[in-house]
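Since the structure comes first, as structure tokens, the remarks are kept for the end.
The values are calculated or read from the model by the stated rules, or taken from the named source; none is laboratory data. Here the structure is a predicted model, which is why all the values come from computation and not from measurement. So basically every Cβ, Gly included, is an ideal-geometry build from the backbone, and we count neighbours across all protein chains shown.
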Amino acid sequence: MSPSLESLIGQAAQLRRAGRTLEALAAYETLLAAHPNLPDSWYNLALLQRKAGRPEAALASYDQALRRGVSDPEEVRLNRAVILSDDLRREAEAEAELAAALALNPAYVPALLNLGNLHEDRGRRADAAAAYEAILALDPNDPDALARLGGLATPAGPDDPLIGRLRGALGRHRRAAEAALGFSLGRMLDAAGAYDEAFAAYVAANAASRASGTARYDRAAMEARVDALIAAFPEPWTGPPVARTRPPPVFICGMFRSGSTLVEQVLASHARVTAGGELDLIPAMTRGPLAPWPDSLKTTAPATLDALAAGCLATLSALFPAADLLTDKRPDNLMHVGLIKRLFPDAKIVNTVRDPLDNALSVYFLHLDHGMAYALDLLDIGHYQRQQQRLMTHWKALYPDDIFAFDYDAFVADPRGPLERLLALLDLDWDENCLSFHRLDNAVKTASVWQVREPLYQRSSGRSRHYQRQLAPLKAWLEGGGS
């Protein structure tokens, strides 16, 4: 390797390690224009391109890495699969990439895990279980595969052998793995009707999850954030929509685990609606061009906001070119209703709501990212619920005709009435297929993936009755005003 080439590679790598994404991108592009036969550099360029929001370019660079003999090509195939599935919603192509990775290395566990997850997204329970069992055949103690298998199974009772396997695996792994196993054990015990044992498993799982990271829920910071958003949007925006060729999405938001995935699947069963899933476009604005949010609103030019709106719609058109009416199901977009209505004045907001104790229990029983640190403690969940309710009350006061409260419990008890009102808000005709949402053949990338594959049921409504003793402190706190 010549000194000049070695220097170029070193400079590009240094920029990448320093997190200077755009500069590193330019350095690798310059390097590869002059020296294209560098597979590892094509690999690094692909990583940076995905990070910069250029998934198609990343796919092309990974292809170059493969063509030029990159080491560990199965990892490149895996990375291509993740982009195709998560960024571009091309699940069939993602599955083909995973198959190619496993053809290169049948024992490549990351590809098997991702294949199982992709099968889950697509509603293929038996195929997902087979992928996890393949991992366990290689390593019977693999905690991730065992935990995921527990997330699929229907236990025969508290003595189900898989429950025994999960119990036996606890106490032998790192904290994060212990948490995954514990949540899976809790799920199976709950499904078996062993409620006291299930709750104890969930308590231990949440404790392990907390110990595996440093995230902590800050109640004062959450209250200050809501105060800032209310202050930033004291009045409704009445300006005209930006010129466009497609309508904005229907934004489905609310407390996590309050029925948003169900609402999206119901709507996506309508002939005119396409499910967009949990899109990151609005939150990404507040982290990127509009940071620090909402303070930046004071100095952001109207033309900048209009450009962001147009860019958002252009991205959606590229991702979903055939969509008539699209949904964006990000529960935390509840925090961004003010921004959404500024970008898209005619946007409709569906706010999913549910019995607060049932909702809190469902959150506590799920293994969530540490970015949702409130989920690790029931009283923190209650506090977060209160703050979201306070903010939604403000948004509803500003936009009473454009925000629809979709009550999960009312819908599962008698679906036709709530559905008729929702469709009317969206100017959609009645479509009987909406009541057969479980037949929809699409990918669902949320924790409710299996619930929405079943016909409508009521067993989750009133679920908290099984845990009255454990939920008594939260119930008292909520009834006392949550102070």
| query | Does the stretch 57-67 contain at least one residue that is within 18 Å of the chain's Cα centre (by Cα) and on the phi < 0 side of the Ramachandran plot? | reply | no
| Of the residues in the stretch 53-82, how many are of a type outside the set (D, E, K, R) and in contact with a Leu (Cβ under 6 Å, 6 or more places away or on another chain)? | 5
| Of all residues in the stretch 14-46 being part of a helix (DSSP H, G or I) and free of Cβ contacts under 8 Å to residues at least 12 places away in the same chain, which is surrounded by the most Cβ atoms within 10 Å (Cβ to Cβ)? | GLU23
| query | Does at least one position in the stretch 230-251 carry a residue that is under 24 Å from the mean Cα position of the chain (by Cα) and either on the phi > 0 side of the Ramachandran plot or without any contact (Cβ under 8 Å) to a residue 12 or more places away in the chain (or both)? | reply | no
| remark: Reported set for the stretch 252-284 where residues are over 18 Å from the mean Cα position of the chain (by Cα) and more than 19 Å from ILE403 (Cβ to Cβ) is SER269, HIS270, ALA271, ARG272
| query | Do any residues in the stretch 115-128 that are outside any loop (DSSP other than H, G, I, E, B) have Cβ atoms under 7 Å from those of residues that are among the β-branched types (Val, Ile, Thr), where the two are at least six apart or on different chains, and which pairs are they? | reply | GLU120/VAL449; ASP121/VAL444; ASP121/VAL449
| query | Is at least one residue of the stretch 62-69 farther than 18 Å from GLN14 by Cβ and either small (Gly, Ala, Ser) or in contact (Cβ under 8 Å) with a residue 40 or more places away in the chain (or both)? | reply | yes
| note | Filtering the stretch 305-331 down to residues that are at pLDDT below 95 and polar (S, T, N, Q) yields THR315, SER317
| query | Taking the stretch 282-334 as the region of interest, how many residues are touching a strand residue (DSSP E or B) at 6+ places or on another chain (Cβ under 8 Å), more than 27 Å from MET255 (Cβ to Cβ) and part of a helix (DSSP H, G or I)? | reply | 0
| Can you tell me how many residues in the stretch 137-155 are assigned to a helix (DSSP H, G or I) and surrounded by fewer than 18 Cβ atoms within 10 Å (Cβ to Cβ)? | 2
| Residue count, the stretch 251-282 (criterion: more than 21 Å from ASP429 (Cβ to Cβ), buried (at least 23 other Cβ atoms within 10 Å of the Cβ) and either among the charged types (D, E, K, R) or not assigned by TED's automatic domain parsing to the domain that holds ASP324 (or both)) | 1
| note | In the stretch 335-366, anything closer than 17 Å to LEU262 by Cα, in contact with a Gly (Cβ under 7 Å, 6 or more places away or on another chain) and surrounded by 22 or more Cβ atoms within 10 Å (Cβ to Cβ) is listed as ASN351, THR352, ARG354
| request: For ALA92, state whether it is under 20 Å from ASN114 (Cα atoms), of a type in the set (A, V, I, L, M) and surrounded by fewer than 17 Cβ atoms within 10 Å (Cβ to Cβ). | output: yes
| Which condition does ALA221 not pass, out of (1) under 20 Å from CYS312 (Cβ atoms); (2) free of Cβ contacts under 8 Å to residues at least 40 places away in the same chain, if it passes all the others? | (1)
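Okay, residues lined up against (1) of a type outside the set (D, E, K, R); (2) closer than 19 Å to PHE437 by Cα:
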{"site": "PRO241", "(1), (2)": "yes, no"}
{"site": "GLY259", "(1), (2)": "yes, yes"}
{"site": "ALA271", "(1), (2)": "yes, yes"}
{"site": "LEU290", "(1), (2)": "yes, no"}
{"site": "PHE320", "(1), (2)": "yes, no"}
{"site": "ASP332", "(1), (2)": "no, no"}
| message | Criterion first (out of contact with any Ser or Thr (no Cβ under 6 Å at 6 or more places or on another chain), of a type in the set (A, V, I, L, M, F, W, C) and more than 23 Å from ASP280 (Cβ to Cβ)) does LEU102 satisfy it? | response | yes
| message | Among the numbered criteria (1) without any contact (Cβ under 8 Å) to a residue 60 or more places away in the chain; (2) assigned to a helix (DSSP H, G or I), which one does ASP159 miss? | response | (2)
| remark: The residue that is modelled with the lowest pLDDT, considering only those in the stretch 253-277 that are under 16 Å from ALA323 (Cβ atoms) and of a type outside the set (Gly, Ala, Ser), is GLN265
| message | So, GLY168, is that one of a type outside the set (A, V, I, L, M, F, W, C), within 24 Å of PHE365 (Cβ to Cβ) and not in a helix (DSSP H, G or I) or not? | response | no
| field | Residue match in the stretch 415-422 (condition: in a loop (DSSP other than H, G, I, E, B) and without any contact (Cβ under 8 Å) to a residue 24 or more places away in the chain) | value | no
